[in-house]
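Inspection log for the structure reproduced underneath, given as structure tokens.
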Amino acid sequence: LAAAVESVATRVRQDHPDSRITVTCPGDVTVVGIDELQRGLYELVENSVVHADESATVAVTVDPREESVAVTVEDDGPGIPENERPILTGEADIEPLSHGSGLGLWLVYHIVRLSDGVVTYADGTPTGSVVTVELPRADADSERDGDSQNR
């Protein structure tokens with residue numbers, strides 16, 4: 001997971017050099033996820049930077065737990081619009097006439113869901129978003145489906 005998260009941060013830093021992106025991740029954490037998992041993480045970090053009014057500050061933190069790993073993307077931007085939050089957490093589908101800019105959030109939700117994970121959202125303090133992706137640890141269950149890949 002460390003390599004995937006660092007790769008995402010490096011790519012977003014290159015595309016948005018005025019933004020400040022920090023990563024806190026133990027080097028030995030492995031999760032179960034589909035090949036597109038890195039793309040989903042990229043969408044979250046990129047979303048944080050693109051929607052910031054000025055240069056964004058984004059913190060990506062990886063927290064290993066007993067059976068899962070939480071990847072938190074926290075920013076100081078305006079936050080995800082209230083009508084788009086249910087798209088990210090899977091509480092609503094994108095509608096053809098009302099999806100707004102939530103297509104990337106929809107993609108994140110489905111990538112995480114297909115990786116047997118969950119996405120949660122919270123408002124940042126005093127502003128911004130706190131999006132947490134919780135994924136199964138690869139070493140927590142070695143009996144997982146062969147379609148998943150360790151990251």
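The values are calculated or read from the model by the stated rules, or taken from the named source; none is laboratory data. This structure is a prediction, so every number in the text was calculated from the model and none was measured. Virtual Cβ from ideal backbone geometry, glycine too; neighbours counted across all protein chains shown. The area values use the complete protein model at the heavy-atom level, side chains included, leaving out ligands, DNA and RNA. Shrake-Rupley method; radii C 1.70, N 1.55, O 1.52, S 1.80 Å.
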- Query: In the stretch 66-88, which residue that is of a type in the set (S, T, N, Q) and open to solvent by 20 Å² or more (accessible area, probe 1.4 Å) is nearest to VAL31 (Cα to Cα)?
  - Reply: THR72
- Can you tell me how many residues in the stretch 11-40 are farther than 14 Å from PRO64 by Cβ and touching a strand residue (DSSP E or B) at 6+ places or on another chain (Cβ under 9 Å)? 12
- Residues of the stretch 1-35 being open to solvent by 70 Å² or more (accessible area, probe 1.4 Å), farther than 15 Å from ASP75 by Cβ and in a helix (DSSP H, G or I), in sequence order, are ALA3, GLU6, ARG11, GLN14, ASP15
- Identify the single condition in (1) within 17 Å of ASP116 (Cα to Cα); (2) assigned to a loop (DSSP other than H, G, I, E, B) that GLN38 does not satisfy, given that it satisfies every other one. (2)
- Pick from ASP63, ASP53: which is out of contact with any strand residue (DSSP E or B) (no Cβ under 6 Å at 6 or more places or on another chain), open to solvent by 60 Å² or more (accessible area, probe 1.4 Å) and on the phi < 0 side of the Ramachandran plot? ASP53
- When the stretch 101-110 is examined, which residues are found to be open to solvent by 10 Å² or more (accessible area, probe 1.4 Å) and either closer than 12 Å to GLY90 by Cα or modelled with pLDDT of 95 or more (or both)? TRP106, LEU107, TYR109, HIS110
- Message: Being without any contact (Cβ under 8 Å) to a residue 60 or more places away in the chain, in a strand (DSSP E or B) and in contact with an Asp or Glu (Cβ under 7 Å, 6 or more places away or on another chain): is that true of VAL60 here?
- Response: no
- Checked pairs for the stretch 66-95, first farther than 18 Å from VAL50 by Cα, second assigned to a loop (DSSP other than H, G, I, E, B) and at pLDDT 85 or above, C-beta under 7 Å and 6 or more apart or across chains, list as VAL69/LEU1; VAL69/VAL29
